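Structure first, commentary second.
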Amino acid sequence: MTNSKGRFGVHGGQYIPETLMNAVIELEKAYEHYKNDTEFNKELTALLNEYAGRPSLLYYADKMTKDLGGAKIYLKREDLNHTGSHKINNVLGQALLAKKMGKTRLIAETGAGQHGVATATAAALLNMECVVFMGEEDTKRQALNVYRMKLLGAQVVPVTSGTATLKDAVSEAMREWTSRIDDTHYCLGSVMGPHPFPTIVRDFQAVISRESRAQILEAEGRLPDAVIACVGGGSNAIGSFYHYIPDKDVRLIGCEAAGRGIDTFETAATVNTGRLGIFHGMKSYFCQDEYGQIAPVYSISAGLDYPGIGPEHAHLHDIGRAEYVPVTDDEAVNAFEYLSRTEGIIPAIESAHAVAYAMKLAPTMDKDKIIVITISGRGDKDCAAIARYRGEEIYE
Amino acid sequence: MSNIRKAFENGKAFIPFITCGDPDLETTAAAVRAMAENGADLIELGIPFSDPTAEGPVIQGANIRALKGNVTTDKVFALVEELRKDVSVPMVFMTYANVVYSYGADRFMQRCAETGIDGIILPDLPFEEKEEFSEPAKKYGIDIISLIAPTSADRIAMIAKEAQGFIYVVSSLGVTGIRSEISTDLSEIVKVIRENTDIPCAVGFGISTPEQAKSMAAVSDGAIVGSAIIRLLEKHGKSAPEFIGDYVREMKEAVIG
């Protein structure tokens, strides 16, 4: 593909309507300029440190380590960021970039609502208009986040098309962008979509592994044996992996949402059940039927309930550099409760997928081994849904 | 010479669109025949896709209804095969990259050639990505139709120079759907296209009335209408073909002027 840009192996590219091509070209040019601009980086670092609360802690989970009886477990605490998840890292970068480009309006998709809340927050801070598209199903699952976005001054548009979840919110945000480009930046929340989004979002999220690598060297004098993160589109995972990619001895493990199991239709485990396709601007792995119709995926976690995966993850899978493992709803809910009880940390149900896999892996490893788990977000937003899962009705 | 050229030999062209299988394939077949009999110069057949990101609510609805009726790519090819027994009007597919990619681009283009499809429109396949599809298309003599948008600006010449069949000029920003007003200065876009190629160009997105079709065709070589036809199917269901025939005749008369 001679003209094609933004490839990770065979994955990536720019499969979007012609109407958007000049917009992504303009974005790429602006990013190429500002990513090396001293003033831009100074402003972004100030926002990340003084507003979002970076660097985030790398916390040694002593009780969990002892309880599981294997590898030492460290938690990279992205849940402690302002707005409660890793999403703010990318959003502050993109919002600042959009502002430099002269845009006055941000649009975004959101699944669990974390990216929507982060975008609404950045828009409030930087005096920008904000519209968030959210699947109607998710507005019900995550009613608290809908209220937070409104409180922050954003307009929340419930999306009723398709499965009324994250995939449809992305489609609707793309449709909105084609109708209003001049003053609007599409603040995409994950390492997906057309080039340059997978690269931009990766670069802004790479702060996670830049910090954790230095922090673990400081704490242990060596690199971890495994880094574990949950994967929907894959933004916290790529951020958690990125600076370890050249360190071949560090296992990189992405935890996909298996829903009710990868042998059922109610799953969102893309690498484990999908195949190569073209959708939402990129070539990558997608859950789809034999005719290429995108599958109506399912997970208890609204943030991982997506039928695709970012192109760089697809490539890391192809070359065997990262592993992608399925984690079911049940395992994730158990881990959600386990981490709350054991360490006094309530993780997002998304992050709980990573915790669940670590709970299986740690006991199989020697005590001198080290695992770093990214806790991508906090779990307050999930409490009502988990209570329901356990058959308890609570009123927020 | 591309068969699509014939569509532009009867004065300004009128190009109707229909989603295959909405509400069922029998109705689609009858509607296509009604279009052909009433002066359609080229017919766009939509192969339904689960997530049609370039479509507004009307055509999204048609895609959902068709898929609910279990329409597949193979069934659409069978429909074309059947239609080609008596319909000679040039026909192109309109669908999404994943439908073709999933089928296998080579196998897909081969089936197009075998069944009598002349070209294909893929709204999520811009100039930069087309090679993967245009190579097999060329092998089987299928035209990949290029789109040019109001935002294309400095890209128009590049796209026009490599265009095949006809150029689909997108009238407005946004997705497909009926618009009360089209404000883009299309004559400027068409001027740049004509400086770079002699293949015809037709305008689509937002057109529903004879007046709009007439004014769009006046600055180009034809007008494309989709959502207004889907509306007739929504309203009349299985008896829509008769109304579609009347509508196509009225629109063809309007574009000829």
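The values are calculated or read from the model by the stated rules, or taken from the named source; none is laboratory data. Note that the structure is a prediction, hence the values are computed from the model and not measured. So basically every Cβ, Gly included, is an ideal-geometry build from the backbone, and we count neighbours across all protein chains shown. In case anyone asks, the SASA skips ligands and DNA or RNA and just uses the protein heavy atoms, side chains included. Shrake-Rupley method; radii C 1.70, N 1.55, O 1.52, S 1.80 Å.
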Do we find a residue being part of a helix (DSSP H, G or I), within 12 Å of chain B (Cβ to nearest Cβ) and open to solvent by 30 Å² or more (accessible area, probe 1.4 Å) anywhere in segment A:175-184?
-> yes
Considering segment A:138-165, residues that are in a helix (DSSP H, G or I), out of contact with any strand residue (DSSP E or B) (no Cβ under 6 Å at 6 or more places or on another chain) and surrounded by 20 or more Cβ atoms within 10 Å (Cβ to Cβ), and then whichever is nearest to the other protein chains (Cβ to nearest Cβ), we arrive at A:D138
Using the structure shown, decide if B:T184 is at pLDDT below 95 and either closer than 29 Å to B:N3 by Cα or not in a loop (DSSP other than H, G, I, E, B) (or both).
-> no
Is there a residue in segment B:82-99 that is among the β-branched types (V, I, T) and within 14 Å of another protein chain (Cβ to nearest Cβ)?
-> yes
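Could you check, for segment B:37-46, whether at least one of its residues is more than 13 Å from chain A (Cβ to nearest Cβ), in contact (Cβ under 8 Å) with a residue 12 or more places away in the chain and part of a helix (DSSP H, G or I)? Before you say what the answer is, go through the steps one by one.
Our first condition is that a residue be more than 13 Å from chain A (Cβ to nearest Cβ); within segment B:37-46, this holds for B:37-46.
If we keep only those that are in contact (Cβ under 8 Å) with a residue 12 or more places away in the chain too, we end up with B:37-46.
Pick out the ones that are also part of a helix (DSSP H, G or I) and you get B:37.
Yes: segment B:37-46 contains one or more residues that are more than 13 Å from chain A (Cβ to nearest Cβ), in contact (Cβ under 8 Å) with a residue 12 or more places away in the chain and part of a helix (DSSP H, G or I).
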Just give me the residues in segment A:246-290 being of a type outside the set (S, T, Y), crowded, with 16+ Cβ neighbours inside 10 Å and within 14 Å of chain B (Cβ to nearest Cβ), in sequence order.
-> A:G274, A:L276, A:G277, A:I278, A:F279, A:H280, A:G281, A:M282, A:K283, A:F286, A:C287, A:Q288
Give the residue that is farthest from the other protein chains (Cβ to nearest Cβ), with candidates limited to residues of segment B:1-18 that are open to solvent by less than 10 Å² (accessible area, probe 1.4 Å) and farther than 12 Å from B:V225 by Cα.
-> B:A7
Scope segment A:25-34; condition surrounded by fewer than 23 Cβ atoms within 10 Å (Cβ to Cβ) and of a type outside the set (S, T, Y); matching residues = A:I25, A:E26, A:E28, A:K29, A:A30, A:E32, A:H33
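Which ones in segment B:58-81 are acidic (D, E) and more than 10 Å from every other protein chain (Cβ to nearest Cβ)?
Residues of segment B:58-81 acidic (D, E): B:74, B:81.
Within segment B:58-81, just B:E81 meets the criteria.
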So, of the residues in segment B:136-184 that are among the basic types (K, R) and farther than 21 Å from B:F14 by Cα, which turns out to be farthest from the other protein chains (Cβ to nearest Cβ)?
-> B:K139
Residue selected from segment A:1-48 under the condition charged (D, E, K, R) and in a loop (DSSP other than H, G, I, E, B), by the criterion nearest to the other protein chains (Cβ to nearest Cβ) = A:K5
Are any of the residues in segment B:106-127 within 14 Å of chain A (Cβ to nearest Cβ) and on the phi > 0 side of the Ramachandran plot?
-> no
